[in-house]
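Remarks on the structure that follows.
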Amino acid sequence: MLVDPWWKAEACAADVLKQHNITKLPVDPFQIADAKGIMYQENPSLASGVSGCLMRVGDNFGIMYSTRYPSNGFRRFTVGHELGHYFLEGHPEQLFKDGCTLHTSATGFVSDDRFEQEADAFAASLLMPKPLFREAASAVGEGLGAVKAMADVCQMSLTSTAIRYARLISEPVAVVLSMNGKVLFSIMSPALRAQRNLTWLKKGNGVPPSTLTFQFSGDNGNVQNSRTASGYATLDDWFDGPDTEISEEVIGLGEYGRTLTILRAESLPDPDDVVARADGREDDEAESLLPSQRFFQRSRY
Ligand SMILES: [Zn+2]
């Protein structure tokens with residue numbers, strides 16, 4: 001059975017924060033490393049795709065983080081991720097078994113590996129703790145503006161802040177990260193997930209061609225120069241759902257070539273009124289279809 005990486009990570013991170021008496025944002029992962037006697041160092045020669053690593057020699061631990069990624073938020077997140085491997089139950093045993101002394105990480109919610117996902121969830125939970133994040137987010141507006149403000153408050157990247165925002169906010173919001181017209185991942189807030197008639201966007205799905213995001217990211221200058229755009233779409237455009245209007249805000253993430261989209265509904269139909277999918281398909285079956293395939297099917301027949 002697949003275990004949600006967040007449950008364990010949230011609990012462990014909350015425990016670490018309590019132990020270190022941390023009650024304010026921003027949380028400093030270097031301070032926690034210092035308190036545990038974990039050395040850390042930046043390293044300009046880590047391979048491309050490696051954001052950091054954790055070393056173990058006997059009972060001594062050390063963290064290296066790559067200077068390849070200029071974002072301060074990403075480096076802090078990487079240190080938080082390595083701390084996850086240190087603190088999470090079962091991680092040191094798994095990562096340093098058979099005499100292994102080095103674990104290399106690809107942080108930032110891109111890995112399919114369970115230990116990497118748990119360490120990412122730990123980093124987000126440690127550096128954007130649920131109660132502190134919710135309290136601060138309630139005072140900074142909505143949508144992309146709120147995500148930018150919270151990224152400043154927490155000293156995190158826009159991407160990891162947006163993921164945390166969608167997980168913790170009470171409004172119906174979805175966050176989509178895409179590159180070259182393909183979804184890298186998407187996450188829906190609990191209020192949006194409660195709408196059971198929506199088809200989830202999955203990794204590898206095509207960004208729906210009718211959307212602002214698709215048009216925006218078709219111009220590489222928008223992405224490279226971190227431009228923003230905003231407009232409107234419907235839940236049908238993105239999730240094969242009802243014709244409910246949603247706002248769509250897009251920002252280019254610069255040299256990484258990625259685009260971040262924040263979708264937000266002002267109001268939604270009562271989920272209890274949604275009985276079943278209009279087309280009678282099972283949810284799992286619908287999820288396996290790419291939006292572009294659905295578009296094709298609809299436009300052809
Ligand atoms: Zn790792």
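Every number in this text was worked out from the coordinates using simple rules, so none of it is lab data. Note that the structure is predicted; figures quoted are calculated from it, not measured. Heads up, the Cβs are rebuilt from the backbone with ideal geometry, glycines too, and the neighbour counts pull from every protein chain shown.
Points to keep in mind about this one:
- Dipole moment magnitude, nearest 20 debye, the chain about Cα centre, only Lys, Arg, Asp, Glu C-beta charged: 660 debye
- Percent of Cα pairs in region 1-121 per distance bin of 10 Å, from zero to the largest separation: 13, 47, 35, 5.
- Taking Cβ atoms as reference points and 9 Å as the exclusive limit, the residues near residue 265 contribute a net charge of -2, counting Lys and Arg as +1 and Asp and Glu as -1.
- Close amide H contacts of residue 234 (hydrogens built in the peptide plane, cut-off under 5 Å, sequence separation of 5 or more or a different chain): 246.
- Close amide H contacts of residue 22 (hydrogens built in the peptide plane, cut-off under 5 Å, sequence separation of 5 or more or a different chain): none are found.
- Farthest positive-ward along the chain dipole, Cα basis, beta-carbon charges - from 158, 9, 136: 158
- Degrees between helix 114-127 axis and first principal axis of the chain (Cα, 0 to 90, nearest 10): 80 degrees
- Scanning the chain for GluC sites (Glu not before Pro) lying in DSSP loops with no more than 11 further Cβ atoms inside 10 Å, the longest uninterrupted stretch between such sites is 90-265.
- Averaging the sequence gap over all C-alpha pairs within less than 8 Å and six or more residues apart, then dividing by the number of residues, gives the chain a relative contact order of 14 percent.
- Counting beta carbons within 10 Å around each of 237, 120, 15 and listing the fewest first gives the order 15, 237, 120.
- In region 14-68, the trypsin sites (Lys or Arg not before Pro) that fall in loop regions by DSSP, at most 11 other Cβ within 10 Å: 24
- With the helix formula -39500 (n - 2.57) applied to DSSP H stretches of n ≥ 4, the chain reaches a computed 222 nm mean residue ellipticity of -11500 deg cm²/dmol.
- A cut-off under 11 angstrom between Cβ atoms defines the neighbours of residue 232, and their net charge, with Lys, Arg +1 and Asp, Glu -1, is -4.
- Diffusion coefficient of the chain by Stokes-Einstein, Kirkwood radius over Cα pairs, 4 °C, 1.567 mPa s: 64 µm²/s.
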